[in-house]
Amino acid sequence: LPRPSHYSFTFSLTFLLYTSFHLSRKPISIVKWLIRLAKPWGTLKTLNCFSLCPDKSNYKQLLGAMDYSFLCAYAVGMYLSGIIGERLPIRLYLSVGMLMSGLFTCLFGLGYVYNIHSLSFYIFVQVANGLVQTTGWPSVVTCIGNWFGKGRRGLIMGIWNSHTSVGNILGSLIAGYWVSSNWGLSFIVPGVIIAVMGVVCFLFLIERKRFFIFTLWDTELLLPQEDGGSVCVPVQQLVVVKSESEPSAISFMGALRIPGVIEFSLCLLFAKLVSYTFLFWLPLYITKAAHLDAKKAGDLSTLFDVGGIVGGILAGVISDKLGKRATTCAVMLLLAAPTLYGFSMISEFGLGPTIGMLVVCGGLVNGPYALITTAVSADLGTHKSLKGNSRALSTVTAIIDGTGSVGAAIGPLLAGVLSSRGWDQVFYMLMAADFLALLVGSKCGWV
């Protein structure tokens, strides 16, 4: 039977495992400015996309396409990943995915070492990395969901989900350290880290075993005696612990029929669109709007993730207290819209107000996103309609996050197109997405 130390160990280990996933995704947003500054084309060790399109004004669209290749592959792969993950050992599935993620992240950085100037090479690496990274989220949510019940799930998963922001912060700092001198290391170092964590996962991750207990009360045994008679002997309480037979994994269509899965999936699509647009474009926007160099912009962008940590925890605590996760999401989405509008005028603020806006905006944008992908997904994956079948959690998580990842793919792509017309257009798009998330979520009844 599990010991208390197993809970804290699993919490900490899965936290670190998914931190390394986000750590490996962040460098591209920090290194982007080098692509923009490459001149003359082909003379610098840069991600020289411009050899395919010499018009410098199109660099934002090219960068948007590079983001889109990763996120589109991630979205498509996520639907398959949950189904596969339900049928394989979590420890093995997650470990292999992390090792492959490390390989492709390092390959991106090796483009600097070998002076590769082919856009197709980087897009191939992004697509492959997007596919293998889908092994992460369904696996860790299933693992943590099997260990922790519904009692304080919002608080526990709110704290646990801060790994997303911690990974983004570490990824920004690591990439920023080498961005000006050797951007290849901005990818190679995170790639090595996630590969090492893959080995740690294989060696130490504990998968929760399922048990059930038979209890016999006030039992008497009738024992024969030598003279031909018999005597009744009372028996103490008897407890028998047996390994539970595994139920069959739920089908994709079966998961869609769980009440709330479709509604929350669509809500996450728009919420994640906003979050991932910030993830991929915030450092470049700060560079342009606040007139800072890439390293300072990368460091300042980490405050958005600090706000995300606070927002995710607050969303979890409030939803536990109220017992209404959807209502908590609705309030935060409602407050996020005017905050996004204020953030669009960052160039008119001083440093102090800019820092405050980054933290507040990060909390309101990432709070609903964090709550839906963790506590809500775990609640729906153990819904009462499943009648105790715990082998639906990975599939439900993958459907919700996969649909959200469609929005994550669309957002950065739209940002690349709209930013050429002015950054205000990007923020109008983000505010519209925030409103649509609120509108779609209202179909859940906001209870």
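Listed values, structure above:
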{"quantity": "Compactness index (Cα Rg / 2.2 N^0.38 Å), segment 68-191", "calculated": "1.20"}
{"quantity": "Stretchable slack from Q425 to L439, in nm (0.36 nm times residue separation minus alpha-carbon distance)", "calculated": "2.9 nm"}
{"quantity": "Ranked order, L439, L284 - accessible area, probe 1.4 Å, largest first", "calculated": "L439, L284"}
{"quantity": "Burial ranking of peptide ranges 72-79, 373-380 (average Cβ count within 10 Å, highest at the top)", "calculated": "373-380, 72-79"}
{"quantity": "In nm, spacing of pseudo-spin labels at Y341 and Y177 (7 Å Cα→C-beta vector)", "calculated": "4.2 nm"}
{"quantity": "Label-to-label distance, nm, for residues given as R152 and F204 (7 Å Cα→Cβ offset)", "calculated": "2.3 nm"}
{"quantity": "Flagged links, alpha-carbon separation over 21 Å, of K26/K295; K26/K272; K26/K288; K272/K295", "calculated": "K272/K295"}
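The values are calculated or read from the model by the stated rules, or taken from the named source; none is laboratory data. Computed from a prediction, not measured in an experiment: that's the story for all the values here. Cβ atoms come from the backbone with ideal geometry, glycine included; neighbour counts cover every protein chain shown. SASA here: full protein model, heavy atoms, side chains in, ligands and nucleic acids out. Shrake-Rupley method; radii C 1.70, N 1.55, O 1.52, S 1.80 Å.
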